[in-house]
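Chemist: The structure follows.
The values are calculated or read from the model by the stated rules, or taken from the named source; none is laboratory data. Fair warning: this is a prediction, and the values are worked out from it, not measured in the lab. All Cβ positions, even for glycine, are placed from backbone atoms using ideal geometry, and neighbour counts span all protein chains on display. Only protein heavy atoms, including side chains, enter the accessible area calculation; ligands, DNA and RNA are left aside. Shrake-Rupley method; radii C 1.70, N 1.55, O 1.52, S 1.80 Å.
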Amino acid sequence: MPSRSSMPSMPSSASIKDVAAAAGVSVATVSRVLNSHPSVSPDARARVMAAVESLGYRPNAVARSLRTDQTRTLGLVISDVLNPYFTELARSVEEEARALGYSVIIGNADERPDLQDHHVRTLLDRRIDGLLVSPTDGGSPLMLGAARGGTPMVFVDRWIPGVDVPVVRSDGRAAIRDLVAHLHRLGHRRLAIIAGPAATTTGSERVAAFRDALASYAIELPDAYIGQGDFQAGSGRRVTDGFLDLPEPPEVVFAADNLMALGALDAIRARGLRVPDDIALAAFDDIPWFVHTDPPITAIAQPTGELGRAAVRALVDRIEGRPPASVTLPAHLVVRHSCGEPRTSPPSPSMERRSR
């Protein structure tokens, strides 16, 4: 048998406790040395480094990150993982981050500010290099403190007004104007909207854009035709039920996101009504399912994949010392058959799936 000295060396299994014992110091002192903490005496530092060398100790990834102040990890807090828009956004973020040498930890806020803060706090405690957030509200003290305290951060899809953080988003105003013009050409005059939360920028912006587009045709948006939703399907059902109970129901329901549109469709069908024969339906945020509904749903599509990729690039620029830039990309109208469109031509496919 070969002698012990002639056997090939194996990777060291020494632990930080072994280093501390060999150096005659505490584990905390070893950690401070590895973190380059200035409070350690030169003698203790020399003994620790000698023990590290003799034992062949290799710090784990967390310890290395503490020494370098970089973990090569990004945090992503999305508003609702069940929303296909945010699922696609998260996928593109992860792909772009991996291509740039970063990993991603994802937190789902479920449209709840308290869960958003929980994930932000947890990610900051884990020493992520930067944070991507789609805010669920106008900004909690924790979120504002992180943004203003120097944490590399980018807002994606939604943003907090007045906070100096790069924003990567789509601009849906032109697409909403196109939608209203399309509905007007089809003869619709009573148009209602299921709005997202007013505390979110996307919620308030889409209502304002819809109102402005209607005004260009001298069409008012009465309060009864504005239903307050929360970007989730249940609110779409509830608001649509309210519209259908009105003495003069709207001719069109425009849902300000895809899940509320699906809830609206459930409410319409539950009453034995048909789209678009009895009431028309349109949505913001196109999803692959919409082409498979009967009828396929007319929707406004966002360039979701490119938004995710642009957000990662902006954040990595900020982390690596380059000036980050805000990015605004246009949304576009996808015409199908849920608003009374002629059936003589096939519906327009969503461009987003082909833009990947």
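Chemist: With a 1.4 Å probe and every protein chain left in place, tell me how much accessible area R127 has, in Å² to the nearest 10.
Modeler: Surface accessible to solvent at R127 totals approximately 90 Å².
Chemist: Sticking with the crude label model, points 7 Å out along Cα→Cβ, report the distance from H118 to S103 in nm, one decimal please.
Modeler: So the label points at H118 and S103 sit 2.3 nm apart.
Chemist: Let me ask something else about it. Check which residues have an amide H placed less than 5 Å from G107's amide H, if you skip close sequence neighbours.
Modeler: HN-HN under 5 Å from G107: L76, V77, I78.
Chemist: Rounded to the nearest 500 deg cm²/dmol, what is the calculated helix-only ellipticity per residue at 222 nm for the chain, with -39500 (n - 2.57) per DSSP H run of length n ≥ 4?
Modeler: Result for the chain: -12500 deg cm²/dmol, rounded to the nearest 500.
Chemist: Oh, and also: Count charges around R206 for me, please; just the other residues with Cβ under 15 Å from its Cβ, Lys/Arg as +1, Asp/Glu as -1.
Modeler: -4
Chemist: Could you work out which residue, out of G149, G236, G162, moves most in a Gaussian network model of the chain, that is, has the largest mean-square fluctuation with Cα springs under 10 Å?
Modeler: Per the Cα network of the chain with a 10 Å cutoff, G162 tops the list.
Chemist: Determine the share of the chain's accessible area contributed by carbon and sulfur atoms, expressed in whole percent, with a 1.4 angstrom probe.
Modeler: After summing per-atom areas, the C and S share lands at 53 percent.
Chemist: Compute the whole-percent fraction of alpha carbon pairs in region 165-284 spaced more than 23 Å apart.
Modeler: When every Cα pair of region 165-284 is considered, 23 percent fall beyond 23 Å.
Chemist: Determine the per residue accessible area of the chain with all protein chains present and a 1.4 angstrom probe, expressed in square angstrom.
Modeler: 47 Å²
Chemist: Considering only DSSP beta bridges whose two residues both sit in the chain, what percent are antiparallel, to the nearest 5?
Modeler: Of all bridge pairs located within the chain, approximately 10 percent are antiparallel.
Chemist: Moving on. Under a Cβ-Cβ cut-off of 13 Å, what is the net charge of the residues other than R121 that fall near it, where Lys and Arg count +1 and Asp and Glu count -1?
Modeler: -1
Chemist: If you don't mind, another one. Where is the GNM fluctuation largest for the chain (alpha-carbon springs, 10 angstrom cutoff): E53, E94, E306?
Modeler: Highest fluctuation among the options: E53.
Chemist: Specify the residue with the greatest mean-square fluctuation among S235, S170, S326, computed from a Gaussian network of the chain linking alpha-carbon atoms under 10 Å apart.
Modeler: Highest fluctuation among the options: S326.
Chemist: Still on this structure, please answer the following. Quick check on the chain: take the gyration tensor over C-alpha atoms, sort the square-rooted eigenvalues as a ≥ b ≥ c, and tell me if it's rounded (a/c under 1.5), prolate or oblate.
Modeler: prolate
Chemist: Looking at the chain, do any whole DSSP H helices span at least 15 angstrom along their long axis by alpha carbon and average -0.5 or above on Kyte-Doolittle, and which?
Modeler: 42-55, 173-185, 201-215, 233-244, 258-270, 304-319
Chemist: Over what distance in Å are the Cα centres of region 149-171 and region 194-273 separated?
Modeler: About 27 Å separates the Cα centre of region 149-171 from the one of region 194-273.
Chemist: Using R₀ = 45 Å, calculate the FRET efficiency as 1/(1 + (r/R₀)^6) where r is the Cβ-Cβ separation of R190 and R148; round to 0.05.
Modeler: That pair, R190 with R148, gives E of 0.50.
Chemist: So, taking all protein chains as they sit and a 1.4 Å probe, how much accessible area belongs to R32, in Å² rounded to tens?
Modeler: 90 Å²
Chemist: Report the gain in length on full extension from D43 to D294: 0.36 nm times residue separation, minus Cα-Cα distance, nm rounded to one decimal.
Modeler: So the chain would gain 82.7 nm between D43 and D294.
Chemist: Percent relative contact order of the chain, based on C-alpha pairs within less than 8 angstrom and at least six residues apart?
Modeler: Across the chain, relative contact order equals 15 percent.
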